[in-house]
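For reference, the structure is listed below as structure tokens.
The values are calculated or read from the model by the stated rules, or taken from the named source; none is laboratory data. Just so it is clear, the structure is predicted and the values come from calculations on it, not from any experiment. No Cβ is skipped: glycine too gets one built from the backbone with ideal geometry, and neighbour counts run over all protein chains shown. All accessible areas refer to the heavy atoms of the entire protein, side chains included, with ligands and DNA or RNA removed. Shrake-Rupley method; radii C 1.70, N 1.55, O 1.52, S 1.80 Å.
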Amino acid sequence: MKSEMEQDILKVLVTEEEIQRRIAELGAELYDQFHDKNPLFLGVLKGSFVFMADLVRACQVKSDVEFIAVSSYQNATVSSGRVQITHDLQQDITGRNVVIVEDILDSGNTLAFLKDYFLTKGAASITIATLLDKPARRTKAITADYVGFVVPDEFVVGYGLDYCQRYRNVPYIGVLKPEVYANH
Ligand code: PRP
């Protein structure tokens, strides 16, 4: 029997098993790059919290974690283009090898802004790890160094991704039924 939330899901795009298999691969690749570099895993809230939790456990390097919260969608389905910091860094990142952890790279507005911001704050290097990449919607020239899955231009939710703050706890990546967001 499907949960109330799952009744709003049109189809499963990436299963829980596929996500976990891919994260194990990403963790191993990140280990090879960063095992002697004391990286700072920097999660972009809110969407990245589920991926962040799994990715850092799949990558057993000496590291620490930090978070920043930004918002550019404000409950819309298209990025406003204005990235607002709603919760700033709580530590000095000067000289750190920063691994930005994102749930999705869409227009690229968020990551373009954050890359500049972290360099301004003195980061020694910036590496981008995103679970999902939706290249069809890109408006900024930005690419990720580590990508879990390339996804088509559909409205995806689950595994941290929301629609109007809902569905973040769906354990897989699903496509939302159009009628759910059609009236907004
Ligand atoms: C989402 C997502 C990324 C960003 C990607 O965040 O988590 O941070 O959009 O889109 P972009 O490439 O077009 O900038 P959102 O602003 O919806 O906030 P959330 O993480 O709290 O869901």
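For K177, which aspartates and glutamates qualify as cross-link partners when the Cα separation must be under 18 Å and same-chain residues fewer than eight apart are set aside?
Of all the aspartates and glutamates, those that pass the test against K177 - Cα under 18 Å, at least 8 places apart if same chain - are E4, E6, D8, D153, E154, D162.
Roughly to the nearest percent, how much of the accessible area of segment 1-149 is carbon and sulfur, given a 1.4 Å probe?
Numbers: 3760 of 7560 Å².
Summing carbon and sulfur atoms, their accessible area is 50 percent of the total for segment 1-149.
What residue among Q90, Q165, Q60 shows peak mean-square fluctuation when the chain is described by a Gaussian network model with Cα springs under 10 Å?
Q90
When the Karplus curve 6.51 cos²θ - 1.76 cosθ + 1.60 is applied with θ = phi - 60°, which whole-Hz ³J(HN,Hα) does each residue of segment 146-151 get, with x for Gly and Pro?
With coefficients 6.51, -1.76 and 1.60, one gets 10, 10, x, 9, 8, 10 Hz.
Please give the contour-minus-distance gain from K177 to H35: 0.36 nm per residue of separation, less the Cα-Cα distance, rounded to one decimal in nm.
Working: separation 142, 0.36 × 142 = 51.12 nm, distance 4.19 nm.
Computed gain between K177 and H35 is 46.9 nm.
Sequence gap at least 6, Cα distance under 8 Å: using those rules, report the relative contact order of the chain to the nearest whole percent.
Numbers: 351 pairs, mean separation 44.6, N = 184.
Normalised by residue count, the contact order of the chain is 24 percent.
So what's Rg/Rh here for the chain, counting alpha carbon atoms and using the Kirkwood radius for Rh?
Details: Rg = 16.1 Å, Rh = 16.8 Å.
Value, to two decimals: 0.96.
Need one word for segment 1-86: rounded, prolate or oblate. Basis is the Cα gyration tensor (sqrt eigenvalues a ≥ b ≥ c); a/c below 1.5 gives rounded, then a/b vs b/c decides.
It is oblate, given that a/c is not under 1.5 and a/b is not larger than b/c.
Hey, what D do you get for segment 74-142 in µm²/s if you plug the Kirkwood alpha-carbon radius into Stokes-Einstein at 10 °C and 1.306 mPa s?
Details: Rh = 13.0 Å.
Answer, rounded: 122 µm²/s.
Could you state, as a whole-number percent, how many of the C-alpha pairs of segment 122-184 are farther apart than 18 Å?
Working: 922 of 1953 pairs.
That tail contains 47 percent of the Cα-Cα pairs.
Between S125 and V65, how high is the FRET efficiency from 1/(1 + (r/R0)^6) when r is the Cβ-Cβ distance and R₀ = 25 Å? Nearest 0.05. List each step's numbers first, then the result.
Values: r = 17 Å, r/R0 = 0.68.
Step by step, r from the Cβ atoms, then E = 0.90.
Using 17 Å as the cut-off for backbone N distance, which residues of segment 38-60 belong to the label zone defined by a point 7 Å from the Cα of A24 along Cα→Cβ?
Under cut-off, by backbone N: 54-60.
Run lengths n ≥ 4 of DSSP H only: what is the helix-derived mean residue ellipticity at 222 nm for the chain, with -39500 (n - 2.57) per run over all residues, to the nearest 500? Don't skip to the answer; put the middle values down first.
Values: 4 runs with 45 residues, N = 184.
Mean residue ellipticity at 222 nm (helix-derived): -7500 deg cm²/dmol.
At 0.36 nm per residue, minus the direct Cα-Cα distance, what do V12 and C164 gain on full extension? Give it in nm, one decimal, please.
On the way: separation 152, 0.36 × 152 = 54.72 nm, distance 1.93 nm.
Using 0.36 nm per residue and subtracting the Cα-Cα distance, I get 52.8 nm.
Hey, if you put +1 on the Cβ of every Lys and Arg and -1 on every Asp and Glu Cβ in the chain, which of P152, A141, L42 ends up farthest toward the positive end of that dipole?
So the residue we want is A141.
Which one, G47, G108, G81, has the greatest fluctuation when you compute a Gaussian network model over the chain with C-alpha springs under 10 angstrom?
In the Gaussian network model the winner is G81.
Quick check: the angle from helix 49-58's long axis to the longest principal axis of the chain, C-alpha only, nearest 10 degrees?
Helix 49-58 sits roughly 50 degrees off the main axis of the chain.
Using each residue's phi in segment 98-110, evaluate 6.51 cos²θ - 1.76 cosθ + 1.60 at θ = phi - 60° and report the 3J(HN,Hα) Karplus result to the nearest Hz, with x for Gly and Pro.
8, 10, 6, 10, 10, 7, 8, 9, 10, 5, x, 4, 5
What aspartates and glutamates could a cross-link reach from K2, if we take a straight Cα to Cα line under 15 Å and drop same-chain neighbours fewer than 8 places away?
Leaving aside aspartates and glutamates fewer than 8 places away in the same chain, none come within reach of K2.
If amide H atoms are built 1.01 Å from N in the plane of the peptide, which residues on other chains or at least 5 residues away come under 5 Å of the amide H of Y159?
V170, Y172
Find which of L30, I9, A123 sits farthest along the positive direction of the dipole of segment 1-139, computed with +1 on the beta-carbon of Lys and Arg, -1 on that of Asp and Glu, about the Cα centre.
Of the listed residues, the answer is A123.
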